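Throughout, read-outs are computed from the coordinates displayed, never taken from laboratory work. In this text, all values refer to a predicted model and were calculated from it rather than measured experimentally. Backbone-built Cβ (ideal geometry, glycine too); neighbour counts: all protein chains shown.
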Amino acid sequence: MTDHRWTPSEYDLTEALRAHYAAPSEPGYWSALEARILAHVARGAHVEGWWSALAEMARPALAAAAVLVLVAGAAVVHTRRIDARDAYASVISAAPPSIETAARTSSVADGDATIDYMLSH
Amino acid sequence: MPAAIDGATTERAIVVAAQRGSDEAFSALVRLHQRRAYSVVRAIVLSHEDAEDAVQEGFLHAHRALDRFRPDQPFGAWLYRIMANAALDLVRRRKVRDADELPDNIALPFRDPAESGELRERLKEALLHLTDRQRAVIVLHDVEGFTHGEIGRTLGIPEGTARSDLHHARATLRRLLQNIRSTP
């Protein structure tokens, strides 16, 4: 048994490609495929119809949810503002004596202590 | 070319009727284009079964997008672009699935050496060495007779890229198919 080897020409290659990729030739095949395509499209359209209906129903719910989120957000912002205002108010009402007053008081007190010290010695 | 003009006018009328919701018109479009659509997707996917799935999916996408199609454009080019996208999408999904599911040892399909010529078998294996796009380009060009421009429009690539892919695909196949053992 001899082992012949050869390299296919462009023509051989194209012919082999055509054979490999040949579409079915029976007419019955194409009418069956057409029926399957149309059934698939009908199923897809049916599913799409359901999704559309669900989307229609979901639209008001989404709008309500969006309003709720906005209201909740506004409430949070309002609460934070009140908290901040209260915090400032508490800081202002419990403020220590002014620096000038405190400095003057301490300097007078220091002077008295110095005079007492000098008199006592 | 009066026949071609008549054909285009008829097709446009069918498309417009389908856009208005006529199921019969859409069936007519399927009948007119399913063979070519099959060829386009078959050039991209790896098996006849995948081609059937891609054609069905492609027509479903076309049906959903039909109201966005402008009837003054060639319907075939629009449809085949959708088909190519459906096929490419299926190839991508198959790759993800195969990467998840394939065992380490992949069993080769049964081959009857008496029935299958060596060239056919080697070609099947060699085609797997091409990229998806190169394979699609060489099949659309050499088997289906698409021009480079048509291939570019169908696959959404520049015409020059289609030419380059064709060149590389042929070179790869030639290299892989050298010194084939001939069977009597």
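Based on Cα atoms of the range B:1-70, Rg over Rh with Rh as the Kirkwood radius reads 1.03.
With Rh defined as the Kirkwood radius, the inverse of the mean 1/r over Cα pairs, the Rg/Rh of the range A:4-43 is 1.34.
Put in line by how crowded their Cβ is, counting other Cβ atoms within 10 Å and starting with the fewest, B:Phe146, B:Phe75 read B:Phe75, B:Phe146.
With both labels modelled 7 Å from their Cα along Cα-to-Cβ, the B:Asp72 to A:Ala32 distance reads 4.4 nm. With R₀ set to 45 Å, the beta-carbon distance separating B:Arg92 from A:Ala61 gives a calculated FRET efficiency near 0.85. B:Arg64 to A:Ala72: FRET efficiency via 1/(1 + (r/R0)^6), r the Cβ-Cβ distance, R0 41 Å, to the nearest 0.05? After rounding to 0.05, the efficiency reads 0.65.
Compute the label zone of B:Val16 within the range B:61-97: residues whose backbone N is under 18 Å from the point 7 Å along Cα-to-Cβ. Under 18 Å, as judged by backbone N against the label point of B:Val16, lie B:66-76 of the range B:61-97.
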